[in-house]
1. Could you tell me which numbered condition Asp266 fails, if it satisfies all but one of (1) out of contact with any Phe, Trp or Tyr (no Cβ under 6 Å at 6 or more places or on another chain); (2) buried (at least 21 other Cβ atoms within 10 Å of the Cβ)?
2. Mind checking which residues of region 70-90 are out of contact with any Asp or Glu (no Cβ under 7 Å at 6 or more places or on another chain) and either under 30 Å from Leu357 (Cβ atoms) or modelled with pLDDT under 95 (or both)?
3. Considering region 239-249 alone, what residues qualify as being surrounded by 24 or more Cβ atoms within 10 Å (Cβ to Cβ) and within 11 Å of the ligand (Cβ to nearest atom)?
4. Mind listing just one residue for me: the one in region 111-134 that is of a type outside the set (Gly, Ala, Ser) and in a loop (DSSP other than H, G, I, E, B) and, of those, farthest from the ligand (Cβ to nearest atom)?
5. Suppose we filter region 14-34 for residues that are more than 24 Å from Thr156 (Cα to Cα), in contact (Cβ under 8 Å) with a residue 60 or more places away in the chain and not in a loop (DSSP other than H, G, I, E, B); how many remain?
6. Checking Asp185 against (1) closer than 26 Å to Ala46 by Cβ; (2) surrounded by fewer than 23 Cβ atoms within 10 Å (Cβ to Cβ); (3) touching a strand residue (DSSP E or B) at 6+ places or on another chain (Cβ under 7 Å), which single condition isn't satisfied?
7. Starting from region 139-153, keep only residues that are under 12 Å from Ser360 (Cβ atoms), then list their pairs with residues that are small (Gly, Ala, Ser) whose Cβ atoms are within a distance under 9 Å, requiring at least 6 positions of separation or different chains.
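The values are calculated or read from the model by the stated rules, or taken from the named source; none is laboratory data. All of these numbers come straight from a predicted model, not from anything done at the bench. When we count neighbours, we look across all protein chains shown, and the Cβ atoms used for this are built from the backbone with ideal geometry, even at glycine.
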Amino acid sequence: GKGGHRHYMLKEIYEQPAVIGDSLRTYLDPGRGTIEMKEMPFDPKALTRMMIVACGTSAYAGMVAKYWVEQLARLPVDVDIASEFRYRDTPLIPGEVAVFISQSGETADTLAAMRHAKAAGLITIAVVNVPESSMAREADLVLRTKAGPEIGVASTKAFTCQLVTLACLAIGLGRARGTIDAARDQKLTQAIAEVPSRVADVLNNDDRMRSIAESLVHVTGVLYVGRGTAFPIALEGALKFKEISYIHAEAYAAGELKHGPIALIDDGLPVVALAPSGPLFEKTASNIEEIVARRGRVILITDEAGAGRLADLVAEVVVLPTVDPVVAPLLYALPVQLLAYHTAVLKGTDVDQPRNLAKSVTVE
Ligand code: M6R
């Protein structure tokens, strides 16, 4: 059942602290305080690039992983949407590694892309949630996420479980490739180990997100912006929002605003800005100033330091716990889920079964 919640989606949002913890425990050895990946069917040091292929929300998890793997394992990563990857006739070099991310393990395009890569001699890694799925059976290496069954069509807990698994993969690769030193490794492991409880803290903003949602029910569009790993979270936030509220939403890398979308800004287009403290904060802050100068109504999601810097400028501030910037996307994923959820509930849409959509897209 829905565990006392009104919708499966809300239940699944609330399960995140537990299932992120479950997914993490596969790789995190609490006794030793280290992240241990399974034996990898390739030599991590010999890799020259990694491909990541998926659809929808799973592709956004792949985009976050690109930032992590490039930063921590110093390995170039190409992220592709499965329906583009499989038909593009891209050169595939036998022995290269490709990661396929899928909650269901049955998405037609992702499965076909995986078979295509395998036939070309690539080593395939599947990050899947359904253990008996086709992708789990056919991949060379399976990294299971432990989200449990996800019923809501809008993916929530599967996404954050994919993220935590991919973060472990990035750290594991970084260690194997000698690109993160012991001190950084230890700090990162600590930061990841604390994610389940920080995610639980983030859920305290539920009422706040509901009251902000009240201001979005009648808008015709919402813009999401972020930089670094907050950019794929912005994309995911916009997808979640349009998928269940049927209100148009789109996301931009904050640095792209002046290359076009800033022309949209006026007091009628709410902007959700995702801006955790870290090396990119000031860059995003100046984009937010530009939006405000054009009378844009900014809903800022940040931490205490970020709120201190920008609270006076923006319409709304949501304050999340301060964490290592590497793990921030795991926290920032939740308020955008809640914002979409509450807006959809207030609009009266069918939240768990949005129109025109299927949970598992098994036809292309
Ligand atoms: O099962 P998969 O992870 O392969 O599914 C991929 C997408 O169809 C899925 O994430 C879709 O975008 C969700 N409805 C988004 O909430």
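1. Single failed check for Asp266: (2).
2. Filtering region 70-90 down to residues out of contact with any Asp or Glu (no Cβ under 7 Å at 6 or more places or on another chain) leaves 70-75, 78-81, 84-85, 87-90.
Of everything in region 70-90, those that are out of contact with any Asp or Glu (no Cβ under 7 Å at 6 or more places or on another chain) and either under 30 Å from Leu357 (Cβ atoms) or modelled with pLDDT under 95 (or both) turn out to be Asp78, Val79, Asp80, Ile81, Glu84, Phe85, Tyr87, Arg88, Asp89, Thr90.
3. Lys240, Phe241, Ile244
4. Filtering first and then ranking leaves Leu122.
5. Summing the residues that are more than 24 Å from Thr156 (Cα to Cα), in contact (Cβ under 8 Å) with a residue 60 or more places away in the chain and not in a loop (DSSP other than H, G, I, E, B) in region 14-34 gives 1.
6. (3)
7. Note: pairs meeting the criteria are Glu150/Ser104; Glu150/Ala158; Val153/Ala358.
Results for (1) closer than 23 Å to Val219 by Cα; (2) buried (at least 24 other Cβ atoms within 10 Å of the Cβ); (3) small (Gly, Ala, Ser), shown as yes or no for each residue.
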site: Arg297; (1), (2), (3): yes, no, no
site: Val336; (1), (2), (3): yes, yes, no
site: Leu357; (1), (2), (3): yes, no, no
site: Val361; (1), (2), (3): no, no, no
